[in-house]
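Worksheet: the structure to be examined is printed underneath.
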Amino acid sequence: MSKCLTNNSNASQLEQSFFGLAQAALIRFMDPVYRGVHGLLIVGVFLIVGLWLSGNGTNAGPFDLARILVPDEARQMFWQGATGSSQSGLAALDSQTSEQDIAHIIYGRASFPMLKQETIALLNPEVARIQVKSISHLADQIPTSKIDPQALDSNLMGPVQNQRAVAEFFEKKYGLDKSKIEEYVSNAVLISREVKIDPVLLLAVMSVESNFNPMTKSEAGAEGLMQVMTNVHKEKYAPYGGVAGAVKPEVNIRIGAYILKYLIATSGSLRNGLKFYVGAGNADNDGGYADKVMAERNRIIELCKSSQNNKFALNGKKERS
């Protein structure tokens, strides 16, 4: 009996010794794997933090993934020293956003960071040197996926020769001062990059709304190039020195572009957005407003295409000569 117990004890010890050796071998084998996984996790954390910081802090397009990983308002608070600049509690737009939430974002109080200068070819480069507060931290909260593709920038106004062709067209159409229309066109191109909306659309709205007269004021109280309802949106003018900024192109276009983008996103299409923009959202029709804007938009598009074709033809002629 004693011998049997001794044999069982020896077998148990051998078994434990075997498992111990196996466990030690497994640990030695897995150690580099664990180190590799830990290294990847560390790299991943730094990558995510880098994307998070660069997404809205530098307007770096390749890092748009950051906007998926972390809400824009959180990133904005970080860049502004966590001062709680998003006082209105703005939230990213989603399919569940209520009309009350939308109204709060459009009409609510918010602080505006200074616009960071961007390298972009403009017909009037002086426009880019104006110190003005940005509205991108609000506009960026509107998901691009909710914007009608027709309202997105197709870069037709990118080339300076296209900007010049459009400016000359409106200069002749409305008998405008050349320097002024060049200022308006350049503002539309610059602000469109900030708000991420088509500058062609902005120019079409300005043409229909005000004939490019910044002093235009309707009986309903709409003012400026984009005919923004000053009393309704006076909180948006506060960071720009108050409602007196309604006549300033760099202010009026910026606020109007943001509101238009929001209405397009929340109404589901460009035409519906225009209908709401003119104040006919609950009406049976908009009195032909959307048709007028779309017709002007199409004319500008044709001007840009024609300008590009003329440039190609001229270049071809020079090459052959």
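The values are calculated or read from the model by the stated rules, or taken from the named source; none is laboratory data. As the structure is a computational prediction, the values presented were derived from the model and not from experiment. Don't worry about glycine lacking a Cβ; one is built from the backbone with ideal geometry, like all the others, and counts go over all protein chains shown.
Each row is one residue, and each column tells you yes or no for (1) within 24 Å of LYS133 (Cα to Cα); (2) β-branched (Val, Ile, Thr); (3) at pLDDT 95 or above.
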{"position": "SER179", "(1), (2), (3)": "yes, no, yes"}
{"position": "ALA188", "(1), (2), (3)": "yes, no, yes"}
{"position": "VAL200", "(1), (2), (3)": "yes, yes, yes"}
{"position": "MET206", "(1), (2), (3)": "yes, no, yes"}
{"position": "GLU219", "(1), (2), (3)": "no, no, no"}
{"position": "PRO239", "(1), (2), (3)": "yes, no, no"}
{"position": "ASN252", "(1), (2), (3)": "yes, no, yes"}
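Among the residues of region 170-214, the ones that are touching a residue at least 12 places away in the same chain (Cβ under 8 Å), touching an Asp or Glu at 6+ places or on another chain (Cβ under 6 Å) and more than 22 Å from GLY273 (Cα to Cα) come to 1 in all. Taking region 135-155 as the search range and keeping residues that are assigned to a loop (DSSP other than H, G, I, E, B) and modelled with pLDDT under 95, which one is farthest from ASN309 (Cα to Cα)? Filtering region 135-155 for residues that are assigned to a loop (DSSP other than H, G, I, E, B) and modelled with pLDDT under 95, the one farthest from ASN309 (Cα to Cα) comes out as GLN141. Screening region 177-189 for residues that are over 25 Å from ASP291 (Cβ atoms) and surrounded by fewer than 24 Cβ atoms within 10 Å (Cβ to Cβ) and picking the one that is nearest to the chain's Cα centre (by Cα) gives GLU183. Within region 269-288, residues that are in the same structural domain as ALA151 (by TED's automatic domain parsing) have Cβ atoms under 6 Å from residues that are among the aliphatic types (A, V, I, L, M) and outside any helix (DSSP H, G or I) in these pairs: ASP286/VAL278; ASP286/ALA280, counting only partners at least 6 apart in sequence or on another chain. When the residues of region 231-256 are filtered to those that are aliphatic (A, V, I, L, M) and touching a residue at least 60 places away in the same chain (Cβ under 8 Å), the one that is nearest to HIS137 (Cα to Cα) is ILE255.
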